[in-house]
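Have a look at the structure below before the remarks.
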Amino acid sequence: MDNKTTEVQAMHGAGKIVRDLLGGTRRMRECGATYLPCFSLMPPDMHKNVIEKATLYPALSETLKAMTGRVFFRGVDTGNVQEQVAALLGDMDLRHHDIHTLVADWFEDALAFGVSYMLVDYQNAPAARTRQDDAALGLRPYCVPIKNSQVLGWKTTIVNGRETLSEFRFIQEWLDENGNEIRQITKWEIGRVSTYRQTPSGWQQHSETSVSANGKPLNRIPIVALQLEGVGLLGGRPPLADLAYLNVKHWQAQADYDNLVHYVSQPLLVGTGFELAGRDEVFQTGNNLITLPENATLRYVEHGGSAIAAAAEKIAKIEADMATAGAKLLQKAAMAMTESQAIDERGKEVSRLRVMANRCEEAIGQVLACFGLWLGIEQVGTVEISGNIDVETNPAAGFAEILKLHTAGIISTQTAFDEAVRRGLLSEAMNWDDELLRLNRQEQKWI
């Protein structure tokens, strides 16, 4: 029951390096020799010590958060959503998460692994009921986020010449009121949903329910896949895989550097002109008094430091490469877009992040359509993601052109002010009307 299909095994295999990196320093240490191999001449105790002292530079996780923050800088514009559906977006999952929070988390998981999923379910209710009954009971559709790692598999069938989802399985884990761990597999099929729970004797069926909407069997599985780097109908692969491999390379280089500094920072005491009685004998000194045989000498040998400098340069180079790999999402290029996505010719040259934001808009639209499916509403409207996606990587450089336009009298001072706020050069808490009042007071002061 909990076996993964071939497609999911491949997807999770490709995403393993990303999951390990997102687990932070603790997870990377647990992986041991997987990412920090033990070389042939390194004693096991030294290798263990290297792993226990290694620390992760969180380039991948910070890039994921930064890019997600750019996409949802202004939240999701829901102004065109149908009124009844819009009323549900303030608490989309019945856990007090609104559309902005829920979708941002959904996007971040998809950006990490290529695809993430959203189930639109309906609250449990008696089979025989009307819409008025649902309204009286407060019953409504809601979202269940399904992370990439929770998926076990899916099946498809051909309907009217199109590949259509016919089965979807995923696993959930939680603690009950007594603190016991519950592991449950949910299997959705057309018009039916079944759950299975793990017991000491194996997986046992917990429930099976027929699914209907508006008095008719549900004719589709209300699962939406947010594919930012899609493979097939529902699969995906990590869009930032190159950055992940560089992050592992940095993990290794940093561990080597720390180990090197640890040993070369301790001068080596070298003695000549005498012999120790035995191979295991240790030369002892104490109270600053050293007794040596005639013509014997002691001296400290220190590392020249060239190897440390070379290792530091290597780490700096990897960090620069990681920054470049992450910033590639912002580089504009000619990409295939629909006419609705490209209003004019300039809009057809966009960044990968903008394309991903467009895909997210479409996926949210599908989620809203699932809400409409449960509620019997055909036209649910659309959403828009504007974000802070197309601003230059160096906003100060672009702002110089804005200042030239202002100086030439082509744009107003308020427009220049708004651009400075939009580019993050000024705090969002700053307001033009307040600032104008301060400017007027400042002018009066100097008169």
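The values are calculated or read from the model by the stated rules, or taken from the named source; none is laboratory data. Just so we're clear, the structure is a prediction, and the values are computed from it rather than from any experiment. For neighbour counting, all protein chains shown are included, and Cβ atoms are generated from backbone atoms with ideal geometry for every residue, glycine included. Areas reflect the complete protein model, heavy atoms only, side chains present, ligands, DNA and RNA absent. Shrake-Rupley method; radii C 1.70, N 1.55, O 1.52, S 1.80 Å.
Quick one: would you say residue 116 is in contact with a Pro (Cβ under 9 Å, 6 or more places away or on another chain) and either of a type in the set (A, V, I, L, M, F, W, C) or touching a residue at least 24 places away in the same chain (Cβ under 8 Å) (or both)?
Details: in contact with a Pro (Cβ under 9 Å, 6 or more places away or on another chain): yes; either of a type in the set (A, V, I, L, M, F, W, C) or touching a residue at least 24 places away in the same chain (Cβ under 8 Å) (or both): yes.
For residue 116, the condition - in contact with a Pro (Cβ under 9 Å, 6 or more places away or on another chain) and either of a type in the set (A, V, I, L, M, F, W, C) or touching a residue at least 24 places away in the same chain (Cβ under 8 Å) (or both) - is met.
With respect to residue 185, determine if the residue is open to solvent by less than 50 Å² (accessible area, probe 1.4 Å), in a loop (DSSP other than H, G, I, E, B) and of a type outside the set (S, T, N, Q). Spell out the reasoning first.
On the way: open to solvent by less than 50 Å² (accessible area, probe 1.4 Å): yes; in a loop (DSSP other than H, G, I, E, B): no; of a type outside the set (S, T, N, Q): yes.
Answer is no for this residue.
Could you pull out the residue among 205, 266 that is open to solvent by 70 Å² or more (accessible area, probe 1.4 Å) and modelled with pLDDT under 95?
266
Show the residue pairs meeting these rules: Cβ distance below 8 Å; 6+ apart or different chains; first residue within segment 209-234 and among the acidic types (Asp, Glu); second residue at pLDDT 95 or above.
Matching pairs, first to second residue: 229/114; 229/115; 229/236; 229/237; 229/238; 229/239.
With respect to residue 365, determine if the residue is under 21 Å from residue 221 (Cα atoms), surrounded by fewer than 18 Cβ atoms within 10 Å (Cβ to Cβ) and at pLDDT 95 or above. Outline the logic, then answer.
Working: under 21 Å from residue 221 (Cα atoms): yes; surrounded by fewer than 18 Cβ atoms within 10 Å (Cβ to Cβ): yes; at pLDDT 95 or above: yes.
So residue 365 fits the description; yes.
I'd like to know if segment 137-149 contains one or more residues that are open to solvent by 30 Å² or more (accessible area, probe 1.4 Å), under 26 Å from residue 361 (Cα atoms), without any contact (Cβ under 8 Å) to a residue 40 or more places away in the chain and basic (Lys, Arg).
yes
Of the conditions (1) at pLDDT below 95; (2) closer than 26 Å to residue 150 by Cβ, residue 42 clears all except one; give me its number.
Exception for residue 42: condition (2).
Filter segment 194-237 down to the residues that are basic (Lys, Arg) and in a strand (DSSP E or B), then identify the one that is farthest from residue 142 (Cα to Cα).
Taking segment 194-237 and keeping what is basic (Lys, Arg), we get 197, 216, 220, 237.
Then keep just the ones that are in a strand (DSSP E or B); that gives 197, 216.
Details: 197: 23, 216: 19 Å.
Among those residues, the one meeting the criterion is 197.
The rows are residues; the columns are (1) in a helix (DSSP H, G or I); (2) open to solvent by less than 40 Å² (accessible area, probe 1.4 Å); (3) touching a residue at least 12 places away in the same chain (Cβ under 8 Å).
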{"position": "42", "(1), (2), (3)": "no, no, no"}
{"position": "56", "(1), (2), (3)": "no, yes, yes"}
{"position": "60", "(1), (2), (3)": "yes, yes, yes"}
{"position": "66", "(1), (2), (3)": "yes, no, yes"}
{"position": "70", "(1), (2), (3)": "yes, no, yes"}
{"position": "74", "(1), (2), (3)": "no, no, yes"}
{"position": "80", "(1), (2), (3)": "no, no, yes"}
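Which of the residues spanning segment 1-40 are of a type outside the set (Gly, Ala, Ser), within 18 Å of residue 245 (Cβ to Cβ) and not in a helix (DSSP H, G or I)?
Hits for segment 1-40 are 31, 35, 36, 37.
Being of a type in the set (Asp, Glu) and in contact (Cβ under 8 Å) with a residue 40 or more places away in the chain is the filter here; which residues of segment 160-208 pass it? Working first, answer last.
Taking segment 160-208 and keeping what is of a type in the set (Asp, Glu), we get 163, 167, 173, 176-177, 181, 189, 208.
Result: 163, 167.
Name the residue that is most open to solvent (accessible area, probe 1.4 Å), counting only residues in segment 150-182 that are among the β-branched types (Val, Ile, Thr) and within 25 Å of the chain's Cα centre (by Cα). Lay out the reasoning, then the answer.
Here is the first cut: in segment 150-182, the residues among the β-branched types (Val, Ile, Thr) are 151, 156-159, 164, 171, 182.
Those left that are additionally within 25 Å of the chain's Cα centre (by Cα): 151, 171.
On the way: 151: 0, 171: 24 Å².
For segment 150-182, the residue satisfying everything is 171.
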